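Only the coordinates and a few stated rules stand behind these numbers; no lab work does. Note that the structure is a prediction, hence the values are computed from the model and not measured. Here Cβ is always computed from backbone atoms with ideal geometry, including for glycine, and neighbour counts include all displayed protein chains.
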Amino acid sequence: MKHSVLFVDDDNFILMALRKAIVEEDYVPYFTTNAKDALAIMEKTNISVIVTDLQMPTMNGIDLLKIVKKKYPDMQKIVLSGFTQLDQVLDSINDGDINKYMTKPWAVEDLLRTIREAITFYALKKEKDKLAQSLEGSNTTYKNVFKMMGGRLECVEKDAFSTREILAFSFSQMKKYHGSAKIINLCEILCLTFLNSVPSYPVAFNLQKIKDGIRNVMPELIASGKLVVDIKDEKCHGNIRFTVFLFEFLAMLSRQNELEIFECNIISVTCSEGITLQSDFKIRVCGNYALDFLNFLIELCNTYDHSFRIKGSLENMAILVEQTYQLQS
């Protein structure tokens, strides 16, 4: 059975553009110009994903999403709006529990990819619920499958939470610094670099892969001899993509002249829990915004079980990053 996607926007020209954009997509689309009709469609049809505007007459998108959240908790919610005020964004995220906030005008490929990912997550959630009902008391094999799916859902929920935090942080920074071009650019780099690191599913990998990833994102440090990497050749299991994200974003801050990296030592140490990657950056903060971003990375790392610590003064600062991975036999 095909999934159904509901598009809600009071602007018929927007709906016409959406019809054209999704013409080759493999789901059943529904279109309406108001929240009342949208709710009527949901009463009669199993909708997997709703894509809605915020500013609409009679009932706005936030109120619509509150109802959807209560009556159809599994439905995936995407906001497609021309309004980017921080208050509206946060209201839709917190009250409507949305999965993605996209601004108009949109990039067609980004929109299509976002809807496909939402459908995949919806199907995964439904499958998990189905298994939970039918596999209760079943054999260990099925229970392990259920556990794996639950673990993946936990990762997706963690990524969604972090995405919301990054959006809230980015808007607060743009508001704090009055939307300067430099802060907008840094926030864009943060968002895009993080999105490249998701989904954050733990995977099996060789620790040398991190070494290769570091070389790719920090070539200038290698060329200058400031980067020393001493990593064992071990088979591990864990969230490698977030680790590489941290290195990549620190490198980006350096390229944006927000901080200067004097030295970086990265080593692997065997411990009782597996193997710990320890990264020691010696830096100098030279931009106006770097410290805000570094402090935010501390909070973000807590979500992904990475240790991120800052020591010293702005002129002579050390950043210590640690992450433990399981060893694979």
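Full extension of the chain between Ile184 and Thr103 yields a length gain of 27.7 nm, computed as 0.36 nm times the residue separation minus the alpha carbon distance.
Under 20 Å from the 7 Å Cα→Cβ point of Leu124, by amide nitrogen: which residues of the range 191-216? Only 192-205 fall inside the zone, counting backbone N under 20 Å. Sorted into 10 angstrom bins from 0, the C-alpha pair distances of the range 240-329 split as 16, 51, 26, 7, 1 percent.
To test your reading of the geometry: what angle, between 0 and 90 degrees and rounded to tens, separates the Cα axis of helix 290-303 from the longest principal axis of the chain? Taking the Cα atoms of the chain, the angle to 290-303 is about 70 degrees. What the Cβ-Cβ distance of Thr58 and Leu153 gives, at R0 = 30 Å and to the nearest 0.05, is a FRET efficiency of 0.30. Rounded to the nearest 20, the size of the Cβ-charge dipole of the chain about its Cα centre is 420 debye, with Lys and Arg at +1 and Asp and Glu at -1. Once the C-beta distance of Glu165 and Glu263 is scaled by a Förster radius of 35 Å, the resulting FRET efficiency is 0.70 to the nearest 0.05. By the count of neighbouring beta-carbon atoms within 10 Å, fewest first, Leu65, Leu18, Leu54, Leu192 end up ordered Leu192, Leu18, Leu54, Leu65.
Stokes-Einstein diffusion of the range 4-120 at 20 °C, 1.002 mPa s viscosity, Kirkwood radius from Cα pairs, rounded to a whole number: 154 µm²/s. Taking a point 7 Å out from the Cα of Asp280 in the direction of its Cβ, the residues of the range 295-322 whose backbone N falls within less than 15 Å of it are 309-312, 317-322. Between Ile67 and Thr303, the C-beta separation translates, for a Förster distance of 22 Å, into a calculated FRET efficiency of about 0.15. Calculate how steeply helix 181-195 sits against the longest principal axis of the alpha-carbon atoms of the chain, using the helix alpha-carbon long axis, and give the answer as 0 to 90 degrees to the nearest 10. Orientation of helix 181-195: about 80 degrees from the principal axis.
Ordered by the number of other Cβ atoms lying within 10 Å of each residue's own Cβ, fewest first, Val49, Val156 fall into the sequence Val156, Val49. Only alpha carbons enter this Debye calculation for the chain, each as an equal point scatterer, and the log10 of I(q)/I(0) it gives at q = 0.07, 0.13 Å⁻¹ is -0.36, -1.06. Between 0 and 90 degrees, the angle of helix 240-255 with respect to the longest Cα principal axis of the chain falls at about 70 degrees.
Placing pseudo-labels 7 Å out from each Cα toward the beta carbon at Asp74 and Gln326 gives an inter-label distance of 2.8 nm.
With the simple spin-label model, which puts each label point 7 Å out from Cα in the Cβ direction, the Arg255 to Asp212 separation comes to 2.0 nm.
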